Amino acid sequence: MTKTLLVRDVMTIGVPICREGETCGAVLARLKEAVVVVLDEDGMACGWLTRERLGEQQAATPVGEAMDEDIPTVPPDIPVEAAAQLMGDRGVQYLFLMHDWPGEPRPSAVISLRSIEKVIHESV
């Protein structure tokens, strides 16, 4: 019997963050991962960007002007195949897991289509 892999089995805990007012160039220069979540002045998640999107911007552009405000989220307890389908439906390569205490969402983990495809391929 094959164990169903869940998002929690594949997710990466910890998400790079930046502030809305930081410049795309500054964030890109320090970003080692593929995505970053943008926090507002209260420390709440307000958007996200890929490394690729950051690189397409003028270096002096504030991140808040370039970010996507619609943060694609996923719960930790669904199968990775369902998460991959959600990514396809939304046209994204990443989904975020958020914790919302106390109140507004903050990033806690991320899962990528690439990591899902890797574990599926390895299990075949």
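Throughout, read-outs are computed from the coordinates displayed, never taken from laboratory work. All figures in this text were calculated on a predicted structure; none of them were measured in a lab. Glycine gets a Cβ as well: all are built from the backbone with ideal geometry, and neighbour counts include every protein chain shown.
Determine the calculated [θ] at 222 nm for the chain from helices alone, applying -39500 (n - 2.57) to every DSSP H run no shorter than 4 residues and normalising by the residue count; nearest 500 deg cm²/dmol. Provide the component values of the computation, followed by the final result.
Working: 6 runs with 43 residues, N = 124.
After summing the helix terms and dividing by the residues of the chain, the value is -9000 deg cm²/dmol.
In the stretch 1-54, if the dipole is taken from +1 on Lys/Arg beta carbons and -1 on Asp/Glu beta carbons about the Cα centre, which of 14, 24, 46 is farthest to the positive end?
Among 14, 24, 46, the one farthest towards the positive end of the dipole of the stretch 1-54 is 14.
By how many degrees, 0 to 90 and rounded to 10, does the Cα axis of helix 80-90 deviate from the longest principal axis of the chain?
Around 40 degrees separate the two axes.
Could you give the angle, 0 to 90 degrees to the nearest 10, between helix 113-123's Cα long axis and the longest principal axis of the Cα atoms of the chain?
Tilt of helix 113-123: around 20 degrees.
For the chain, with only Lys/Arg (+1) and Asp/Glu (-1) charged at the beta-carbon, what is the dipole magnitude about the Cα centre, in debye rounded to 20? Before the final figure, lay out the partial values.
Values: 11 positive and 20 negative charges, 115 e Å.
Using only the charged Cβ atoms, the result is roughly 560 debye.
Relative contact order for the stretch 54-124 using alpha-carbon pairs under 8 Å, separation at least 6, rounded to a whole percent?
It rounds to 23 percent for the stretch 54-124.
Which length gain, in nm to one decimal place, applies between residue 119 and residue 30 when the Cα-Cα distance is subtracted from 0.36 nm times their residue separation? Don't skip to the end; give the middle numbers.
Numbers: separation 89, 0.36 × 89 = 32.04 nm, distance 2.81 nm.
Residue separation times 0.36 nm, minus the Cα-Cα distance, leaves 29.2 nm.
In Å, the Kirkwood hydrodynamic radius of the stretch 34-80 over pairs of distinct alpha carbons? Don't skip to the end; give the middle numbers.
On the way: mean 1/r = 0.0841 Å⁻¹.
So the Kirkwood estimate lands at 11.9 Å.
To the nearest 0.05, what FRET efficiency results for residue 60 and residue 104 with a Förster distance of 25 Å applied to their C-beta separation? Walk me through the numbers on the way to the answer.
On the way: r = 28 Å, r/R0 = 1.14.
Approximately 0.30, to the nearest 0.05.
For the chain, what is the relative contact order in percent, using Cα pairs closer than 8 Å and at least 6 residues apart in sequence?
Working: 218 pairs, mean separation 35.2, N = 124.
Dividing the mean separation by the residue count of the chain yields 28 percent.
Is there a quick way to get the dipole size of the stretch 51-124? I mean about its Cα centre, with the Cβ of Lys and Arg at +1 and of Asp and Glu at -1; what is the value in debye to the nearest 20? Don't skip to the answer; put the middle values down first.
On the way: 6 positive and 13 negative charges, 49 e Å.
Around 240 debye, computed over the stretch 51-124.
Within the chain, what's the longest run with no trypsin sites (Lys or Arg not before Pro) in a DSSP loop and at most 13 other beta-carbon atoms within 10 Å? Give the range, please.
Details: sites that count: 3, 32.
So the longest stretch without any such site is 33-124.
Whole angstrom only: what separates the Cα centroid of the stretch 1-27 from the Cα centroid of the stretch 46-83?
The stretch 1-27 and the stretch 46-83 have Cα centres spaced 10 Å from each other.
Over the chain, what lengths in whole Å, largest first, do the semi-axes of the equivalent ellipsoid take, defined as the square roots of 5 times the eigenvalues of the alpha-carbon gyration tensor? Mind dumping the intermediate values first?
Values: eigenvalues 151, 52, 24 Å².
Working from the Cα gyration tensor, I get semi-axes of 27, 16, 11 Å.
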